[in-house]
Amino acid sequence: MTAVLDTAAASPYLRHRPENGLFYRVVETYWPIFLREQERAGKTLPIFIRDEFAKFLKCGVAEHGFIRTYCHQCQHSGIVAFSCKKRGFCPSCTARRMNDEAAHLVDHVLPDDVPMRQWVLSFPYKLRFLMAYDSKLTSRILSVFVRVINSERKRKAKKHGIYDGVPGSVTFIQRFGSALNLNVHFHALFADGVFYESKDGYAFYRLPPPSEKELYALAAKIQGKVLKIIEELGLNDDDGQMEFENALPEMAAMSIRQRAAYGERAGNNLKRYGINKIEADPESSDPYSANVEGFSLNARVWIWGKDREKLEKLIRYMARGPVATARLSEGNNTLLYKMKTPWKDGTTHVSFSYLDFIARLVALIPPPRMNMVRYHGAFAPNFKDRRFIVPKAKPKPLAEGSIAAQAADCAPCVDLNGRRERMRWADMLKRTFAVDVTVCPHCQGRLEQIAVIKDRVVAAAILKSLREESVFRPLEIVRARGPPEGSGAPPDEFDQRESW
């Protein structure tokens, strides 16, 4: 798949202004209040959490630095603000990572003629809590998951006469559910078969899809091995063994159990809106799903490798960020978050107090130095014959004198040291949104970078001259009330069974 779009078909770039959106305004207004509430309760937050919020509040805001562009044909001057490049909840930067990872896998990792199957594994509440900030435990459980699936692939391959089969997979560790709840689970993209050595290098043999009986056996095997790890480490959900300050375990527990920590619903389940109708568990009738005591395994979705567009769309779904700002809206002194699809109990929206929403974002931020994308088997960087399996880079010939030819190649695979380079931001906009940041919005001429502005005094002066100042409009603060004395669960409560 080519990463270069025709410049004539690309739209000019219009500067993103995050400060005008509801999501930014909520964080801008209530993050300082949230910090004061934590200090008042004698609790603190780790540095990586504070840094995530501080960087997000600067992301896309030109007053904190920008690149200045200029068109020599019409003398138009523009700016491109810096991004925070964080991976917690920033919608812009998580979308950049999502598209970059999808483009890299489709262009440089996954073979064209190999069908791929998505395997999803989710866990019971207790295990989600233990995995939330323990990267070593998460890695061990992921290794169990991959080994069990690989063993099943190899066993099936031997029945078809292939004794040296090599599976391949890429796993994304997601930390969120559809209601912004903390839900650590795995989305793994496995080659739907095995690679084996042949006269021409490596060939691929597709295996039949897993049966319902096999899925239950695999889920039970994963459960048994994971419980042995938990028993071996002597872990439990209330021993307070997180290595961070004491505010995180409480927020993680509230987020996992879908409970409110602030306002009149504090300690109770979040308020839900929708059709109050409990339906049968869809997993009970899905032949591609199995649930063994909270270990839920699903292998329904598969895509033929030749359909690169559909494959890239699936990878974007697996690598997506936690927050969809288009589904966030304001209610009556609350925030409403719309589900992408209704839950099995009919829930279409979930309601947060403003401080509860901030607490949800805090719980979703991954700990530092925790890799959220893992490669295994034939797709792993250290596999000795990987070069015979993954597609080779195919640079596209460009017309001499074209804008694309004057710029660097849109999809570099490796640098001079053999390491992967990230796709450039301008090229990502071309590929994903058909937007060309190098095209002048006035005369369609060439925009060139003329300066990098980091000094805030200089930045303010330039923005004033260009009339590009950011307009900040914090929300009117809603003071949360405590729960009424002697009250239990609110009368409008839904059935609170979790929909995985």
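Nothing in this text is a laboratory measurement; each read-out follows from the coordinates by a stated rule. These numbers come from a predicted model, not from an experiment. Here the Cβ positions follow ideal geometry from the backbone for every residue, glycine too, while neighbour counts run over all protein chains shown.
Quick notes on this structure:
- Sites listed here are trypsin sites (Lys or Arg not before Pro) in the range 116-213 whose DSSP assignment is loop and whose Cβ has at most 13 other Cβ atoms within 10 Å: LYS199.
- Amide H partners (placed H, <5 Å) of GLY60, local residues excluded: PHE82, SER83, CYS84
- Semi-axes of the equivalent ellipsoid for the range 110-377, Cα gyration tensor, largest first, Å: 35, 21, 17
- Those trypsin sites (Lys or Arg not before Pro) in the range 443-472 that DSSP places in a loop and that have at most 12 other beta carbons within 10 Å: LYS454, ARG467
- Couplings for the range 167-174, taken from phi via the Karplus curve 6.51 cos²θ - 1.76 cosθ + 1.60 with θ = phi - 60°, read x, x, 7, 10, 10, 10, 8, 9 Hz in order; Gly and Pro are left as x.
- 5 angstrom amide H check on ILE79, placed H, neighbours 5+ away: THR69
- Packing, as the average of other Cβ atoms within 10 Å across residues, places the peptides 360-367, 342-349 in the order 360-367, 342-349, highest first.
- Contour minus Cα-Cα distance for ALA217 and CYS74 (0.36 nm per residue): 44.7 nm
- Diagonalising the gyration tensor over the Cα atoms of the range 30-145 and scaling each eigenvalue by 5 before taking the square root yields semi-axes of 35, 30, 9 Å, largest first.
- For the range 224-232, putting each phi into the Karplus relation 6.51 cos²θ - 1.76 cosθ + 1.60 with θ = phi - 60° gives couplings of x, 5, 5, 4, 5, 5, 4, 5, 4 Hz, in residue order, rounded to whole numbers and with x for Gly and Pro.
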